[in-house]
Amino acid sequence: MVTMRSYDDGCAAAHALDLVGERWALLVVRELLLGPKRFTDLRRGMPNASPNVLSQRLRELERVGVVRRRKLPPPAASRVYELTEWGQELEPVITELGRWGARSPFRPRDAGMSTDAFVLALRTMFAPRAAGRLSASYELGLGEESFHAVVDNGRFDISRGHAKEPDARIEADASTLAAMVFEGRPLDEALRSGEVRIWGDRSAVERFLTLFPLPDPVAPAGA
């Protein structure tokens, strides 16, 4: 840890920031919460991080016990990064930061979003009251990845993989679907443009888009 900057403060929160407070560090954690990734996969999720900076953050996080490397068995035989059990404990931190940041009046609404960031945002913003007694299964095709989402009696679960006989399938990139879910972009407009394709029960798709309301933003200072 001698190469890392430190607050040199006895507060545990300050020490936590010593460990994961450097630029990009928590986004590395975000990108690994849903499972191990290769370096190239991490780069895809954080395209604005240079390879050198990303490598440095991974080394630092590995050194302090948040991330570890392992080699996948043949035939893959590639090296991946994954969170340690202690690193996985940062999920509620990421979740609450997302919930807090969603209330910012300065949130960049037209910025892109990685696939994993979008999936975690769905987990964070799911509103059981909006779902009511809805019971439905969905498959989300987000680029080259598929996710199985289940809404059941006020509960929401989403994981990587295909759904068996889902009520509906939605195909779009993460940023497009995020604009529909969080910013209210109309489904018909996205369908006409070809940016979104759906199969199955359209009413189930329309209902899905209403299940993740953002909290009201705080008033800007001086307003």
Pair list, Cβ under 6 Å, 6 or more apart: the stretch 57-86 residue in contact (Cβ under 8 Å) with a residue 60 or more places away in the chain, other residue surrounded by 12 or more Cβ atoms within 10 Å (Cβ to Cβ) = 64/19
request  = State whether the residues of the stretch 36-53 include one that is in the same structural domain as residue 88 (by TED's automatic domain parsing), on the phi > 0 side of the Ramachandran plot and at pLDDT 95 or above.
outcome  = no
task = Select from the stretch 177-197 the residues that are in contact with a helix residue (DSSP H, G or I) (Cβ under 9 Å, 6 or more places away or on another chain) and touching a residue at least 24 places away in the same chain (Cβ under 8 Å) and write down the one among them that is farthest from residue 112 (Cα to Cα).
result = 197
query = What pairs come up if the first residue lies in the stretch 198-223 and is surrounded by 12 or more Cβ atoms within 10 Å (Cβ to Cβ), the second is of a type in the set (Asp, Glu), and their beta carbons are under 7 Å apart, counting only those six or more places apart or on different chains?
reply = 200/167; 201/167; 204/167
inquiry  = Criterion first (surrounded by fewer than 19 Cβ atoms within 10 Å (Cβ to Cβ) and in contact with a Pro (Cβ under 9 Å, 6 or more places away or on another chain)) does residue 148 satisfy it?
reply    = yes
inquiry  = If the requirement is being surrounded by fewer than 20 Cβ atoms within 10 Å (Cβ to Cβ) and at positive phi, which of these qualifies: 165, 189?
reply    = 165
inquiry  = The conditions are (1) in contact with a Leu (Cβ under 9 Å, 6 or more places away or on another chain); (2) surrounded by 15 or more Cβ atoms within 10 Å (Cβ to Cβ); (3) closer than 20 Å to residue 94 by Cα; (4) among the small types (Gly, Ala, Ser), and residue 172 fails exactly one of them. Which is it?
reply    = (3)
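Where in the stretch 1-98 are there helices (runs of 4 or more DSSP H), lying fully within it, with 1 or more residues that are under 21 Å from residue 159 (Cα atoms) and among the acidic types (Asp, Glu)?
Working: elements: 12-20, 25-32, 39-45, 51-63, 85-88.
Ranges flagged: 25-32, 39-45, 85-88.
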ask   = Within the stretch 2-40, restricting attention to residues that are surrounded by fewer than 18 Cβ atoms within 10 Å (Cβ to Cβ) and among the acidic types (Asp, Glu), which residue is nearest to residue 120 (Cα to Cα)?
value = 22
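For the stretch 115-149, enumerate the residues that are farther than 30 Å from residue 47 by Cα and assigned to a strand (DSSP E or B). Even if it seems obvious, please write down each step before you answer.
In the first step, residues of the stretch 115-149 are kept if they are farther than 30 Å from residue 47 by Cα; the result is 127-137.
Once the filter is applied, which keeps residues that are farther than 30 Å from residue 47 by Cα and assigned to a strand (DSSP E or B), the stretch 115-149 yields 135, 136, 137.
Just to check your reading of the model, which residue among 133, 79, 68, 107 is surrounded by fewer than 17 Cβ atoms within 10 Å (Cβ to Cβ) and modelled with pLDDT of 95 or more? Quick ask: steps written out before the conclusion?
Working: 133 fails: modelled with pLDDT of 95 or more; 79 fails: modelled with pLDDT of 95 or more; 107 fails: modelled with pLDDT of 95 or more.
That would be 68, the only listed residue that is surrounded by fewer than 17 Cβ atoms within 10 Å (Cβ to Cβ) and modelled with pLDDT of 95 or more.
Are any residues in the stretch 28-53 under 24 Å from residue 92 (Cβ atoms) and in contact (Cβ under 8 Å) with a residue 60 or more places away in the chain, and if so, which ones? Steps first, please.
Taking the stretch 28-53 and keeping what is under 24 Å from residue 92 (Cβ atoms), we get 28-37, 41-42, 45-46, 49.
Within the stretch 28-53, 29, 30, 31, 33, 34, 35, 45, 46 qualify.
Taking the criterion of being within 20 Å of the chain's Cα centre (by Cα), basic (Lys, Arg) and either in the same structural domain as residue 125 (by TED's automatic domain parsing) or more than 23 Å from residue 33 (Cα to Cα) (or both), would at least one residue in the stretch 165-172 satisfy it?
Yes, the conditions are met somewhere in the stretch 165-172.
The values are calculated or read from the model by the stated rules, or taken from the named source; none is laboratory data. Everything numeric here is computed off the predicted structure, so don't read it as measured data. We place every Cβ from the backbone using ideal geometry, glycine too, and count neighbours over all the protein chains shown.
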